[in-house]
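Here is the structure we will look at, set down as structure tokens.
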Amino acid sequence: MKIPHLGRRALLFFASLLFAMYVLAPIAWLVSSSFQSEAEITSVPPHWIPHQPTLENFSTIFTAKDQVVTYDTRKEGDTASGGFIPSTAKNLLPSMWNSLVVAVSVVILNLLVSVPAAYALAKIRFIGRDSSIYFMLTTRVIPDIALVVPFFLFVQQLGLLDSKLSLIITYLAITVPFSTFILTGYFESLPDDLDKAARVDGCSRLQTLTLVYLPLALPSLVAVVLFTFLTSWNEFLLALMFTQTLASQTMPIVVASFTSDFTISFSFINAAGVLAIVPPVVVAIMFERYIVSGLTAGAVKG
Amino acid sequence: MSLGTKTLRRLIGSPVSAYDQKSAMLFLAPMMVILTVVAVFPILYSFWISLFDLKLTRPHRVPFVGFDNYANIFQDQMFWDSVGRSTSFTLMSVAAIMFIAMLMALLLNEEFRGRRILSAILLIPWAIPYVANGLMWKWIYDSGYGALNGLLFQLGLIDKYAVMLGDVHKTMLLITNSFVWKEVPLATILLLVTLKSIRADLYSAAKVDGANVWQRFIHITLPALTPGFALVMIYETMMAIRHFDLFFILTEGGPADASHVVAWQVYVETFRKLAFGTGAALAYIMAIVTFTLAFFIIRSTSRKL
């Protein structure tokens, strides 16, 4: 080593500190300000750590459904106490439920579609295999924004505007190719002999897949579930086009609607932002290893 | 992991059995149907729509106009201005992402205590929704009470709080910063994989030859990173060109069109002016650009599968 031991450690420590600050500082500020009252977050210069931490912003969200927000009640609301809450505040929790329903449905349908397809592409010899792979890869790169207009017209004609079903169907378009791709790669990496042995023992193709390969493919299945869940939970553009009311509005749409409110109360929005990032952040940290291996497999090969 | 030889070996064997052919078709059918309905058909239909003057404000008269929508777009100065903005957004973002991700990947490639924690927190920006990311930065950039102003003020870099997102000269830089922060983790992971594949004996050989840290970086690490950089560049370019969410949350194309990029124009034409024909044509132009870029990915990918 050319760099002396102590110098190397100091350098690594300093670099790690910069790394952690770059990644965490914005989040830390969001969390810190979500525990501050409107009066406190409007102090100049800002209080980096709340002087008088309050849970009021969060309780506003959880009790918002009982409140009737009108121009008058909002005018009476004291700005200093965070009384100005967006008129859509009560929608946040129901929209998170919608997001959950949509995400879980997409995850299940996605697995039903992509697991058998990936197995066939990886382990079965058949005519048309190469063109099927090209087909899947091509659909993977269609940008979502190019699908917006035709999707909207379809969904409108089917009378599915403002329904969760329209989101579930369209999210399949943006998640299935990726899932199939990751799973195909993973199945390929499992030994072919398993396939032959199971077939010799009299297993049908379906049994070979469900009894032999599925248990072995668990890590990649976890990765696929996570990606599909996060993509559906976070998706914004298509949801913005198709949803109009709480029948289908997902969390990103309701959170975004807070910003278009002209009497914006940042203390409230910060609390909503914290609630919105908690589920994906927990998922990401809990399953870090699966995500990294999945991302690596998925992106490096395409 | 290379898949080519295995596949080849399997394909050279005995002829395809009828049972295998049938089961493969059945297994693939759901995916084929879904992708045809939700991806292939829409993208073809989108092209068809782009040949009509379809306006939802006037739903009963939809004249066929051929390529007029495209001609109008190409003659519109606004379009070229937004292409310029999209291009500069993409170039700035991709350059910053590659640089920051490279530094982070180099750090994570070292062995030290705390490395595991760093790689876990790295996933946070990647995992959070773009909408939450947008809100977070909108609050940080706030001109009245934002953290950026507060920080610059406390460091003595400014005497009084400045206009941030509302300043036409700063707005694109600030949006780029928010985008970069969220995209860096994925790029870091991709570069880290490439770094891990560099053979250790290259470094020891270089050390024997008397190369210092900097020389080893320039002559071994950087060239070895090329495939990783290429992948990140293509992927992030595709992401940046089509990016919409932050422009919606942070500025809505403003101030004074300063952040009016092509993706934002698609939205304005389609859902504000309700000119679906023009919107479809614009989106199609974006799709073709993206496809051209993706072609390189597909070509390198399918060689491996």
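Since every read-out is calculated from the coordinates, none of them should be taken as a lab result. Keep in mind it's a predicted model, so treat the numbers as computed, not measured. In this analysis, Cβ positions are derived from the backbone assuming ideal geometry, glycine residues included, and neighbour counts consider all displayed protein chains.
Observations, loosely collected:
- Placing +1 on the Cβ of every Lys and Arg and -1 on the Cβ of every Asp and Glu, with no other charges, gives chain B a dipole of roughly 1040 debye about its Cα centre.
- Between 0 and 90°, nearest 10: helix A:164-189 axis offset from chain A longest Cα axis: 50
- Packing-based order for B:48-58, A:31-41, using average beta carbon neighbours within 10 Å, highest first: A:31-41, B:48-58
- Choice from A:123, A:90, A:196 showing the highest fluctuation, given a GNM over chain A with Cα pairs closer than 10 Å: A:196
- Projected area averaged over orientations for segment A:89-300, convex hull of C-alpha atoms, nm²: 13.7
- Modelled spin-label separation between residue B:81 and residue A:112, with each label point placed 7 Å from Cα along the Cα-to-Cβ direction: 4.9 nm.
- When each full DSSP H helix of chain B is screened for a Cα extent of at least 27 Å along its own axis and an average Kyte-Doolittle hydropathy of at least 0.0, the helices passing are B:77-108, B:171-196, B:222-242, B:276-304.
- Placing R0 at 35 angstrom, the Cβ-Cβ distance between residue B:295 and residue A:246 gives a FRET efficiency of 0.25 after rounding to 0.05.
- For A:187-200, mean number of other protein chain Cβ atoms within 10 Å: 1
- Computed FRET value (nearest 0.05) for residue B:120 with residue A:18, which takes r as the C-beta separation and R₀ as 25 Å: 0.90
- Intensity falloff of segment B:123-225 expressed as log10 I(q)/I(0), Debye formula with alpha-carbon point scatterers, at q = 0.11, 0.12, 0.17, 0.20 Å⁻¹: -0.58, -0.64, -0.82, -0.95
- Simple point charges give the picture: +1 on the Cβ of Lys and Arg, -1 on the Cβ of Asp and Glu, and for segment A:89-300 a dipole about the Cα centre of about 240 debye.
- Inter-chain Cβ neighbour average for residues A:272-280, partner chain, 10 Å: 5
- Look at the dipole of chain B built from charges on Cβ: of B:90, B:52, B:239, the Cα furthest out on the positive end belongs to B:239.
- Of the two radii for segment B:1-154, the radius of gyration is 1.13 times the Kirkwood radius, both from the alpha carbons; that is the Rg over Rh value.
- Relative contact order [Cα under 8 Å, 6+ residues apart], chain B, whole percent: 29
- Here, segment B:50-304 is characterised by an Rg to Rh ratio of 1.06, where Rg is the alpha-carbon radius of gyration and Rh the Kirkwood radius.
- Choice from B:258, B:162, B:105 with maximal GNM fluctuation in chain B (Cα, 10 Å cutoff): B:162
- Simple spin-label estimate for residue A:39 and residue B:173 gives 3.7 nm between the two label positions (7 Å along the Cα-to-Cβ direction from each Cα).
- Dmax and Rg, reported as Rg then Dmax, of the protein assembly as shown (C-alpha, Å): 25.7, 81
- Label zone at residue B:19, where the point sits 7 Å out along the Cα-to-Cβ direction: segment A:184-214 residues whose backbone N lies under 18 Å: A:193-213
- Close amide H pairs (under 5 Å, H built 1.01 Å from N) link residue B:52 with B:65, residues at least 5 positions away or on another chain.
- The modelled label-to-label distance for the pair residue B:99/residue A:47, using points 7 Å beyond Cα in the direction of Cβ, is 3.7 nm.
- Chain B, helix-only ellipticity at 222 nm - DSSP H runs n ≥ 4, -39,500 (n - 2.57), divided by all residues, nearest 500: -21000 deg cm²/dmol
- Cβ-based charge dipole, chain A, positive-most Cα from A:234, A:20, A:98: A:20
- The rule of thumb for compact globular proteins, 2.2 N^0.38 Å, goes into the C-alpha radius of gyration of segment A:109-216 1.31 times.
- Rounded to 10°, Cα long-axis angle of helix A:144-157 versus longest principal axis of chain A: 90
- Crossing angle, helix A:288-300 versus chain A [Cα axis fit, 0-90 degrees, rounded to tens]: 60
- Per-residue Cβ neighbour rank within 10 angstrom, fewest leading, B:232, A:212, A:282: A:282, A:212, B:232
- Reduced Cα scattering model of segment B:80-125, Debye log10 I(q)/I(0), q = 0.14, 0.28 Å⁻¹: -0.49, -0.98
- Cα-Cα over 23 Å, subset of B:138/B:182; B:138/B:170; B:170/B:273; A:123/B:22; A:90/B:273; A:164/B:22: B:170/B:273; A:90/B:273; A:164/B:22
- Shielding of B:133-146 by partner chains, average beta-carbon count, 10 Å: 6
- Cβ-Cβ distance of residue B:257 and residue A:62, R₀ of 51 Å, FRET efficiency by 1/(1 + (r/R0)^6): the value works out to about 0.80.
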